[in-house]
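Asker: Before I ask anything, here is the structure I am working with.
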Amino acid sequence: MMTKKTRAISSFLLLATMALSSLAILNTARAQSLKIVAVVNDEIISYYDLESRIRMTIQSSQMQDTPATRQRLAREVLKVMIDESLKRQAGEEKNIQVREKEIDEQISYIEKNNGMTPGSLMKFFQASRIDPETLKSQIRAQIIWNKLIGRTMRRRVNVGEEEIDEQLAVLESKSELIQKRVFEIYLSMDTPDDESQVKEEIERIRNQLAAGANFTEIARNFSQAQTAALGGDKGWVLPSELPDELQQAVANLKAGEVSRPIETLTGMYLLKVTGERRLGGEEKDASIELAQISLPLNQDQGARDTILAQLNGLRDKIDSCDASPAAAKTLEGASSSRTGMVKVSNLAGNIQKVVADLEIGQTSEPVALSKAAMIFTLCRKQEAKSNLPSRRDIREQLTQARLELLARQYLRDLRHSAFIDVRL
């Protein structure tokens, strides 16, 4: 039988053992967090850095947080972090600095793009127990890289006035064509040995998107294109403006759809279309003024047909809007008026159809409404606002396309010349 003294000693030993066990677990966790998973030249990436980034990626991209997901993401995320280290190091060699204000502006951009209120992103990070520095480090690398490319390579890109003239002429000739708002995820293949791995990665990303992951956040976290900082947003483009391998895919995509993985000589793409618009502006957004003549309708079909025929007979007497009132007086019970300038989109659907293709002074076929039949003569038309880019926009688009190619080559060179030791 245990004495009081024996029980006290036993309790003390039990508590001491529990304390030592807890300390051992804590020390093991600390050691794990300090473990080095990669060395990039003279910079290390720790297990803690990688875990924080994986947690941020899962939460922001709306993936399922499971051990399998974390394990699957580890190498993909680490690859991106290695590239960011190379970009930061290259920028630091050129003494490129990033102000906190620039990082805050990028955070505000992310919040706006995701429909979040100002300050809510950092609150989300706190609630999810994600170190805010994880996001800031990513943004800092993106800003440094964009500044570096701008400073060192923009002067190597020359866009001439003749090129702009040619591009503008092509676009003006295609004003009836449909532009699409395109987002991209791009993974590069630097060597033939990368092909199988990149194909596996792009397929995993596609599956994550199919399961509900956020495209723009996936692009921001994984895409190796210059558009990554913008969530993959390439803006409004004609399919014909894209590289040959991407044109057909974008042409076939409808708003909300994501393409299959597309292989090119330099890498793999996933594309998403979020909207469509007419390059020359939407016809329904044009404003017009109409002269209209109307006759009351009744329910008798024979009488309705007679009234429609009478209105149709007036069309030959009207060669302008000024002639409409006089023509109306020749038909008993008819009245005439003008609409003033109205948007085509504000007119009833059946009226839009008959006035859509009218020339100035031309009169439409009769339209039967619920209580009246009408004809319309086009008096004035103000075309819809064109979506054609300005000369400045075209210059910037051509410049950015060429900078993209130079940036990819520069990053490939940095990878090949760097000391990279992956220990994952």
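Coordinate-derived values only; no laboratory data. In this text, all values refer to a predicted model and were calculated from it rather than measured experimentally. Glycine also receives a Cβ, built like all others from the backbone with ideal geometry; neighbour counts cover every protein chain displayed.
Asker: May I ask you to derive the relative contact order of the range 34-142, considering only C-alpha pairs under 8 Å and at least 6 residues apart, and to give it as an integer percent?
Answerer: Computed over the range 34-142, the figure is 28 percent.
Asker: Per 10 Å bin from zero, what fraction in whole % of the C-alpha pairs of the range 342-424 is there, up to the bin with the longest pair?
Answerer: P(r) over the range 342-424, rounded to whole percents: 13, 24, 13, 12, 12, 10, 10, 5, 0.
Asker: Past 25 Å, Cα to Cα, is the threshold; run LYS79/LYS272; LYS35/LYS136; LYS147/LYS385 against it and keep the listed order.
Answerer: LYS147/LYS385, as the Cα separations exceed 25 Å there.
Asker: Moving to a separate point now. Using Cβ counts within 10 Å as a stand-in for footprinting exposure, how do GLU241, GLU289 rank, fewest first?
Answerer: Lowest count first: GLU289, GLU241.
Asker: Based on C-alpha coordinates, I'd like the Rg and Dmax of the chain, in Å.
Answerer: Just the Cα atoms of the chain yield Rg and Dmax of 32.6, 125 Å.
Asker: Run the Debye formula on the Cα coordinates of the range 34-142, all scatterers equal and no solvent, and tell me log10 I(q)/I(0) at q = 0.13, 0.19 1/Å.
Answerer: Debye output, listed in q order: -0.53, -1.09.
Asker: Where does the range 283-382 land on the Kirkwood hydrodynamic radius, alpha-carbon pairs, in angstrom?
Answerer: 13.5 Å
Asker: Also: Enumerate the residues in the range 367-403 having an amide nitrogen under 15 Å from the point lying 7 Å beyond the Cα of ASP165 toward its Cβ.
Answerer: 391
Asker: Taking θ = phi - 60°, what integer Hz values does the Karplus form 6.51 cos²θ - 1.76 cosθ + 1.60 yield along the range 186-194, in sequence order, with x for Gly and Pro?
Answerer: For the range 186-194, the Karplus-derived couplings read 10, 10, 7, 10, 6, 9, x, 5, 7 Hz, x marking Gly and Pro.
Asker: Let me ask something additional. Specify whether the C-alpha gyration tensor of the range 173-214 places it in the rounded, prolate or oblate class, a ≥ b ≥ c being the square roots of the eigenvalues: rounded for a/c under 1.5, otherwise prolate if a/b is larger than b/c and oblate if not.
Answerer: oblate
Asker: Okay, next question. Identify all aspartates and glutamates with a Cα-Cα distance to LYS317 below 18 Å; exclude those on the same chain that are fewer than 8 residues away in sequence.
Answerer: Cross-link targets: GLU332, GLU359, GLU365.
Asker: Return the lysines within reach of LYS353: Cα separation strictly under 16 angstrom, same-chain partners fewer than 8 residues apart disregarded; answer none if there are no such residues.
Answerer: Within the straight-line limit of under 16 Å, LYS353 reaches these lysines: LYS284, LYS343, LYS381.
Asker: For every other residue with a beta carbon closer than 11 angstrom to the beta carbon of ARG181, add +1 if it is Lys or Arg and -1 if Asp or Glu, then tell me the sum.
Answerer: Here the count lands on +2.
Asker: What does the convex hull of the alpha-carbon atoms of the range 236-343 project to on average, in nm²?
Answerer: Mean projected area of the Cα convex hull: 11.7 nm².
Asker: Here's a follow-up. So what is the relative contact order of the chain, in percent, for Cα pairs below 8 Å that sit 6 or more residues apart?
Answerer: Value for the chain: 18 percent.
Asker: Related question: Taking each full run of DSSP H in the chain as one helix, which ones are at least 27 Å long along their axis (Cα atoms) and have mean Kyte-Doolittle hydropathy of at least -1.0?
Answerer: 4-34, 67-93, 132-153
Asker: If you don't mind, there's one more thing I want to ask. Ranked highest first by average number of other Cβ atoms within 10 Å, how do 229-236, 108-115 line up?
Answerer: So the order, starting with the most tightly packed, is 229-236, 108-115.
Asker: In nm, give the distance between the simple-model label positions of LEU424 and GLU276, each being 7 Å from the Cα along the Cα-to-Cβ direction.
Answerer: Result: 3.9 nm between the two label points.
Asker: If you don't mind, there's one more thing I want to ask. Please compute, over every Cα-Cα pair in the range 158-256, the percentage with a separation greater than 21 angstrom.
Answerer: 47 percent
Asker: On to the next question. Once the Cβ-Cβ distance between THR117 and GLU92 is put in as r, and R0 is 45 Å, what FRET efficiency do you end up with, to the nearest 0.05?
Answerer: Working from the Cβ atoms, E equals 0.85.
Asker: Next up: So what does the Cα-only Debye profile of the range 206-268 read at q = 0.18, 0.29 Å⁻¹, as log10 I(q)/I(0), no solvent term?
Answerer: -0.74, -1.50
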